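Before any comments, here is the structure.
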Amino acid sequence: MTEEDRPAEVAHETTSADSSRREQQLTGDGGVVKRILKEGTGIEAPDKGDEVFVHYVGTLENGDKFDSSRDRGDPFKFSLGTGSVIKAWDVGVASMKLGEKAMLICRSDYAYGQHGSPPKIPANATLLFEVELMSWKSIKDISGDKGVIKTVVQEGEDWQKPSEQDEVLVHYSINVKGSTEVLHASKEGGDEFPIDNAPVPMGFATALKTMKRNEKVNLVIQPKYGFPADRRPKGDSGDSVLEASLELVSWKKVEKVTDDGLVVKKTLKESKEWKRPNEEAMVKLHMVGRLQDGTVFDDRGHGSPVEITIDGEEVVEGMDLALLKMKEGEKAEIRIAAQYAFGPEGSSSMAVPVPPNATVFYTVELLSLEKAKEGYEMQDEEKVEEASIRKDKGNALFKQSKFGRASKKYKKAIDLIDYDSKFEGDLRSRSRDIKKGANLNLAACHLRLKQYKDARQACDKVLENDPANVKALYRRAQALMGSQDYLEAEQDIKAALERDASNRDVQALHKRCRTEQAVQNRKEAKLYSNLFAKMSKLPDLDPPAPTASKSGVASEPAVADADMPDVEAPQPASAT
């Protein structure tokens, strides 16, 4: 067969120009080779399970055409990666982009093998397919157990996807599979709800977390992913397979500000800016505070913007924490539990009294900000001066029992001068004194907050440079007792008494440590006695040897007067 006799679609397959095209080995054994004839668009390729549409022309090595979708006029449709076509196609098409045209050279073991496909394809034949990827529908088992099957009807925008706690705005329509009657549908303007508490089939939550903005999908939902029993609409028996069309219009990002989830930020208006405030930044904002029933108790900045300093004690702690996570230009709603707001006392100083233990809500728009100077922007003298100021602010907060806020000030003071090896003379001496005092005070904060590991680490920092520091030994012993490490605690107590045998606080702690250790020993003895008794009843089994245990009485170390921060006050709360 001459070049002119071959089909137009493959006429140039063997020309020298074609041989220079980019060639890809798609399998490690050379079984499938791809030569790109026309580049595709975008960066995405179809995935396993997707419904793909291709045009193709298949020829033998001698140029004889044995099949062509172009001759039939309709693209060929198949499910990718499911074994519904020859292996070479599953491999080759999975590597293609939208609109790409490529020549797939398929060795026989990736095609029809030793039997061929008579009468057109002989045994052990290498086949050539010119394939053009026209389009595909993404069909995925997104639940992993075929409980929710998702087919993409319209691709979404960007790359972001909502999280479980976000509030989404969606359009949807639901029917029982095989029925045209609408079972449940969204309002004309769409429905808005948090993904993790949706008044729709549970399969929606599974789907929405995989979707992009403006994406449209069709879902097939098995009964176990259907409506919750208490939200099931009339006409749904609970054992029906559901079909749904779903469009994700937009969403409001909801995120935890604190690890305990007691301060939560919901973004009402996104910002394209990336600038965020830091601690002690000056910010200008609109701000309105409401109680749970909607009563406004704080309307500062409702008309004219208000200016505040973050961590300047001008707003509740939860607001300071939330502002640190906002971008310039962002508008958000902040939900703040009482622990980070007005606490068990409430407040009578606001426009409307805030009752005790009240969760409050703020709507905030961060209009502009001026960041505080960071440590790397300061000269050495400035770092030491600023560290001293932060330590003093921490002491003031400690006296008000605001241990969380105080610890932040101490940490900032330490961070500013942590690397002071290049400081000279008096500056270095001042830096080390401030750092030692801040670490001791930080340990006291952690003890009050029952953060025993952190308290121990703060004491370790002091003892690295001052192994004989009695306060550091005393507070580390308290932290060790809090975690029921009594043997280590006693070592620190004895070391402290070697240096200050008359210290009454250390003596009292020693007595308490021994008492708690004795209680723990009795509990462990009883535990092992019961264990041995049970083991003795088992034939031919030797009871295990006792091992060290931390089980026993829970101990919350009392914080004596000597545990007050090193502020300028008479002993035992003496300055360091």
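The values are calculated or read from the model by the stated rules, or taken from the named source; none is laboratory data. What you see is a predicted model, and the numbers here were worked out from it, not measured in a lab. Because the Cβ atoms are built from the backbone with ideal geometry, glycine has one as well, and the counts that use them run over all protein chains shown.
Select from the range 75-92 the residues that are touching a strand residue (DSSP E or B) at 6+ places or on another chain (Cβ under 9 Å) and either part of a loop (DSSP other than H, G, I, E, B) or of a type in the set (Phe, Trp, Tyr) (or both) and write down the one among them that is surrounded by the most Cβ atoms within 10 Å (Cβ to Cβ).
Ranking the candidates gives Trp89 first.
Looking at this structure, is Ala207 in a loop (DSSP other than H, G, I, E, B) and touching a strand residue (DSSP E or B) at 6+ places or on another chain (Cβ under 7 Å)?
The answer is no for Ala207.
Give the residues of the range 427-442 that are of a type in the set (D, E, K, R) and within 21 Å of Lys408 (Cβ to Cβ), sorted by residue number.
Across the range 427-442, the qualifying residues are Asp433, Lys435, Lys436.
Counting residues that are of a type in the set (S, T, N, Q) and either closer than 30 Å to Arg335 by Cβ or touching a helix residue (DSSP H, G or I) at 6+ places or on another chain (Cβ under 8 Å) (or both), which helices (runs of 4 or more DSSP H) fully inside the range 357-470 reach at least 3?
425-448
Restricting attention to the range 369-404, and to residues there that are small (Gly, Ala, Ser) and surrounded by 15 or more Cβ atoms within 10 Å (Cβ to Cβ), which single residue is nearest to Val316 (Cα to Cα)?
Selected residue: Gly404.
Give the residue, chosen from Leu26, Leu60, that is surrounded by fewer than 16 Cβ atoms within 10 Å (Cβ to Cβ), modelled with pLDDT of 90 or more, of a type in the set (A, V, I, L, M, F, W, C) and in contact with a strand residue (DSSP E or B) (Cβ under 9 Å, 6 or more places away or on another chain).
Leu60
Just to be sure before I move on: is Arg475 within 27 Å of Ala406 (Cα to Cα), in contact with a helix residue (DSSP H, G or I) (Cβ under 9 Å, 6 or more places away or on another chain), of a type in the set (D, E, K, R) and touching a residue at least 12 places away in the same chain (Cβ under 8 Å) in the structure I sent?
yes
Farther than 16 Å from Ser347 by Cβ, among the charged types (D, E, K, R), in contact with a helix residue (DSSP H, G or I) (Cβ under 7 Å, 6 or more places away or on another chain) and surrounded by fewer than 20 Cβ atoms within 10 Å (Cβ to Cβ): is that true of Glu270 in this structure?
It is false that Glu270 is farther than 16 Å from Ser347 by Cβ, among the charged types (D, E, K, R), in contact with a helix residue (DSSP H, G or I) (Cβ under 7 Å, 6 or more places away or on another chain) and surrounded by fewer than 20 Cβ atoms within 10 Å (Cβ to Cβ).
Which condition breaks for Lys256 when tested against (1) in contact with a Leu (Cβ under 7 Å, 6 or more places away or on another chain); (2) surrounded by fewer than 14 Cβ atoms within 10 Å (Cβ to Cβ); (3) among the basic types (Lys, Arg)?
Condition not satisfied by Lys256: (1).
In this structure, is Val152 under 22 Å from Ala332 (Cα atoms) and of a type in the set (Val, Ile, Thr)?
When the stated conditions are applied, Val152 does not pass them.
Run Ile121 past the list (1) out of contact with any Lys or Arg (no Cβ under 6 Å at 6 or more places or on another chain); (2) within 30 Å of Asp158 (Cα to Cα) and report the number of the one that doesn't hold.
For Ile121, the failing item is (2).
Restricting attention to strands (runs of 3 or more DSSP E) lying wholly within the range 93-152, give those where 3 or more residues are in contact (Cβ under 8 Å) with a residue 40 or more places away in the chain and under 30 Å from Leu219 (Cα atoms).
127-137, 139-141
Take the residues of the range 180-197 that are assigned to a loop (DSSP other than H, G, I, E, B) and touching a residue at least 24 places away in the same chain (Cβ under 8 Å): which is nearest to Ser237 (Cα to Cα)?
Glu181
Please go through the range 153-179 and give me each residue that is more than 15 Å from Ile221 (Cβ to Cβ) and part of a loop (DSSP other than H, G, I, E, B), ordered by number.
Within the range 153-179, Glu155, Gly156, Asp158, Trp159, Gln160, Lys161, Pro162, Ser163, Glu164, Gln165, Asp166 meet the criteria.
What are the residues in the range 101-137 that are surrounded by fewer than 21 Cβ atoms within 10 Å (Cβ to Cβ) and closer than 23 Å to Ile43 by Cα, if any?
Of everything in the range 101-137, those that are surrounded by fewer than 21 Cβ atoms within 10 Å (Cβ to Cβ) and closer than 23 Å to Ile43 by Cα turn out to be Lys101, Met134, Ser135, Lys137.
For the range 284-311, which positions are surrounded by 14 or more Cβ atoms within 10 Å (Cβ to Cβ), in a loop (DSSP other than H, G, I, E, B) and not hydrophobic (A, V, I, L, M, F, W, C)?
Once the filter is applied, which keeps residues that are surrounded by 14 or more Cβ atoms within 10 Å (Cβ to Cβ), in a loop (DSSP other than H, G, I, E, B) and not hydrophobic (A, V, I, L, M, F, W, C), the range 284-311 yields Asp299, Arg300, Gly301, His302, Pro305, Asp311.
Yes or no: Gly346 in contact with a strand residue (DSSP E or B) (Cβ under 6 Å, 6 or more places away or on another chain), surrounded by fewer than 22 Cβ atoms within 10 Å (Cβ to Cβ) and not hydroxyl-bearing (Ser, Thr, Tyr)?
Against the criterion (in contact with a strand residue (DSSP E or B) (Cβ under 6 Å, 6 or more places away or on another chain), surrounded by fewer than 22 Cβ atoms within 10 Å (Cβ to Cβ) and not hydroxyl-bearing (Ser, Thr, Tyr)), Gly346 qualifies.
Out of Val220, Val257, I need the residue that is within 30 Å of Lys402 (Cβ to Cβ) and among the β-branched types (Val, Ile, Thr). Which one?
Answer to the selection: Val257.
Quick check on this structure: which one of Leu324, Leu242 is surrounded by fewer than 20 Cβ atoms within 10 Å (Cβ to Cβ) and not aromatic (Phe, Trp, Tyr)?
Result: Leu324 is the single residue among Leu324, Leu242 that is surrounded by fewer than 20 Cβ atoms within 10 Å (Cβ to Cβ) and not aromatic (Phe, Trp, Tyr).
Which condition number in (1) in contact (Cβ under 8 Å) with a residue 24 or more places away in the chain; (2) out of contact with any Leu (no Cβ under 6 Å at 6 or more places or on another chain) is the one that Arg522 fails?
With respect to (1) in contact (Cβ under 8 Å) with a residue 24 or more places away in the chain; (2) out of contact with any Leu (no Cβ under 6 Å at 6 or more places or on another chain), Arg522 is out only on (1).
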